[in-house]
Amino acid sequence: MLEINPILFSLSNGIRVAFVKNDAFVAHLGVMILAGSRFENEDEVGLAHFVEHCIFKGTEKRKAFDIYTELDSVGGELNAYTNKEELCVHASFRKNYLSVATELLGDIVQNSNFPIKEIEKEKKVVKDEIISYLDAPSERIHDDFESYLFKNNPLGNNILGTKKSLKSFTPEMLESYTSRLFFGENMVISVVGDFNESDLKKQLESDFGGLPKTGVAPKEIPVQKVKGFKKKEKKSNYQSHIVSGAYAPSYNDKRRSAMTLMVNYLGGPALNSRLALSLREKHGYAYNVEASYTAYSESGYWSVYVGTENKNIDKSVNLIAKELKLLRTKLIDPVALEHAKEQLKGHIALSLDSNLEVMFNLAKNILIFNRVDSVKEIYDQIDQITANDIQSLAQEVFAEELISSLIYIQD
């Protein structure tokens, strides 16, 4: 069995580091911060994502052009992303350019100065990103669904923000956001590459040691659950889009492994999922059909998405309801359960075949759990799940009265 076996240590300012040594020629380095859109104030919707864009716009010793070209000029890649609960800046590069990558990311994270001219230009870029997103109904419907499910909570806000909120952002707001959340104990550095452990520690200490150890701890507004809702909206699309879902266990809930297994069995990425076999293969109602489970620190939700024609909306909704009812009322066949477990284990193994994904997974696990489970421990957790566990969980999270839906009807 492939094991990752990360080396874990901390820098003097509390930054936790996860390091996997391998003999690959390409290395990956990520800085993950508990600073996603969930931790924005009411007047900051979209600010975390805008910070992600603007930390590349200049530091005391680099202009935006220098930041963009320093790694690119040697064939490396520099990128970033923002989620609801984390912001990540990361780089991929040939292993002999470690010092270039660490010094660059350290400078970006610690010393971004948000020049006003660059900020105003970047607003145009992000505005175009928002417009592009609004033009993608299969993506937008998921965020709209979250906005209803997590009403009056930052988890329901769109990560990109709005065109209106974007206009209000100032360099001072960016500096305020980073100063309160970019501190040592609130971030993790993840490294996968062929490096000497002692040399890596010295390099990271040199390039990231200037960050303060403590700051303002991120505040999580408790989720107030809403009643199940049924909403239909007419949209000028080429097809109709359906999202059904409800609340689910958080990532701190011991049942998250069972929830992951059940949703994967229901509508995971494989073509043999229950929903794919029913809606796509048997009836031909949809090209895209999938189920997903998104977990946050104190809550989570599951959802089923289908893109189809207007005439197939009711048929698709009924077939989804049928599959959910089966999971509530009938134990999974033992053979089917074993196949589902092996499939999930396989998906985990495939994710470990990418060093970039390993880097992200290490960072996320240290950031939220402060530990990394071995592959054996993860597989053992999956093996322990019973058919009764699945049915009990389905009866709770797939209860008919709790299920909400949002449908974009083709206009």
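Based on this model, can you work out whether residue 149 counts as among the aliphatic types (A, V, I, L, M), surrounded by 14 or more Cβ atoms within 10 Å (Cβ to Cβ), touching a Lys or Arg at 6+ places or on another chain (Cβ under 9 Å) and touching a residue at least 60 places away in the same chain (Cβ under 8 Å)? Quick ask: steps written out before the conclusion?
Numbers: among the aliphatic types (A, V, I, L, M): yes; surrounded by 14 or more Cβ atoms within 10 Å (Cβ to Cβ): yes; touching a Lys or Arg at 6+ places or on another chain (Cβ under 9 Å): yes; touching a residue at least 60 places away in the same chain (Cβ under 8 Å): yes.
Judged against the criteria, residue 149 is a match.
Just give me the residues in segment 354-397 being touching a helix residue (DSSP H, G or I) at 6+ places or on another chain (Cβ under 9 Å), part of a helix (DSSP H, G or I), under 24 Å from residue 272 (Cα atoms) and not acidic (Asp, Glu), in sequence order.
378, 379, 381, 382, 387, 390, 391, 392, 393, 394, 395, 397
List the number of the failed condition for residue 335; all other conditions in (1) outside any helix (DSSP H, G or I); (2) surrounded by fewer than 17 Cβ atoms within 10 Å (Cβ to Cβ) hold.
Residue 335 satisfies every listed condition except (1).
May I ask you to verify whether residue 219 is closer than 30 Å to residue 15 by Cβ, surrounded by fewer than 17 Cβ atoms within 10 Å (Cβ to Cβ) and not assigned by TED's automatic domain parsing to the domain that holds residue 86?
Numbers: closer than 30 Å to residue 15 by Cβ: yes; surrounded by fewer than 17 Cβ atoms within 10 Å (Cβ to Cβ): yes; not assigned by TED's automatic domain parsing to the domain that holds residue 86: yes.
Yes.
What residue, of 174, 181, is over 26 Å from residue 355 (Cβ atoms) and in contact with a Cys (Cβ under 9 Å, 6 or more places away or on another chain)?
174
Return only the number of the condition from (1) crowded, with 21+ Cβ neighbours inside 10 Å; (2) over 17 Å from residue 15 (Cβ atoms); (3) of a type in the set (A, V, I, L, M) that residue 173 does not satisfy.
(1)
Hey, among the residues in segment 291-339 that are of a type in the set (S, T, N, Q) and within 17 Å of the chain's Cα centre (by Cα), which one's nearest to residue 229 (Cα to Cα)? Walk me through it before giving the result.
We begin by selecting, within segment 291-339, every residue of a type in the set (S, T, N, Q); these are 292, 294, 297, 299, 303, 308, 310, 312, 316, 318, 329.
Those left that are additionally within 17 Å of the chain's Cα centre (by Cα): 292, 294, 297, 299, 303.
Values: 292: 19, 294: 19, 297: 24, 299: 18, 303: 14 Å.
Only one residue tops the list, namely 303.
Output the strands (runs of 3 or more DSSP E) that fall wholly within segment 1-73 and possess 3 or more residues being buried (at least 16 other Cβ atoms within 10 Å of the Cβ) and touching a residue at least 60 places away in the same chain (Cβ under 8 Å), or say none.
Hits in segment 1-73: 16-21, 26-33.
From the residues in segment 338-376 that are among the small types (Gly, Ala, Ser) and touching a Leu at 6+ places or on another chain (Cβ under 8 Å), which one is surrounded by the fewest Cβ atoms within 10 Å (Cβ to Cβ)?
By that ranking, first place goes to 349.
Name the single residue, out of those in segment 120-150 being modelled with pLDDT under 95 and not in a helix (DSSP H, G or I), that is farthest from residue 403 (Cα to Cα).
Here the answer is 135.
Considering 408, 379, which residue is surrounded by 19 or more Cβ atoms within 10 Å (Cβ to Cβ) and touching a Lys or Arg at 6+ places or on another chain (Cβ under 7 Å)?
Exactly one residue qualifies, and that residue is 408.
Count, please, the residues in segment 334-353 that happen to be farther than 11 Å from residue 379 by Cα, among the small types (Gly, Ala, Ser) and out of contact with any helix residue (DSSP H, G or I) (no Cβ under 6 Å at 6 or more places or on another chain).
Adding up the residues that qualify gives 1.
Tell me, which strands (runs of 3 or more DSSP E) lie completely within segment 173-261 with 2 or more residues that are more than 30 Å from residue 388 (Cβ to Cβ) and over 25 Å from the mean Cα position of the chain (by Cα)?
Once the strands (runs of 3 or more DSSP E) in segment 173-261 are filtered for at least 2 residues that are more than 30 Å from residue 388 (Cβ to Cβ) and over 25 Å from the mean Cα position of the chain (by Cα), what remains is 230-235.
For segment 162-172, give me each residue that is touching a helix residue (DSSP H, G or I) at 6+ places or on another chain (Cβ under 9 Å), of a type outside the set (Lys, Arg) and either under 23 Å from residue 298 (Cα atoms) or in a helix (DSSP H, G or I) (or both).
165, 166, 168, 171
The values are calculated or read from the model by the stated rules, or taken from the named source; none is laboratory data. Computed from a predicted structure; not experimentally measured. Note that each Cβ is placed from the backbone with ideal geometry, even for glycine, and that neighbours are counted across all protein chains shown.
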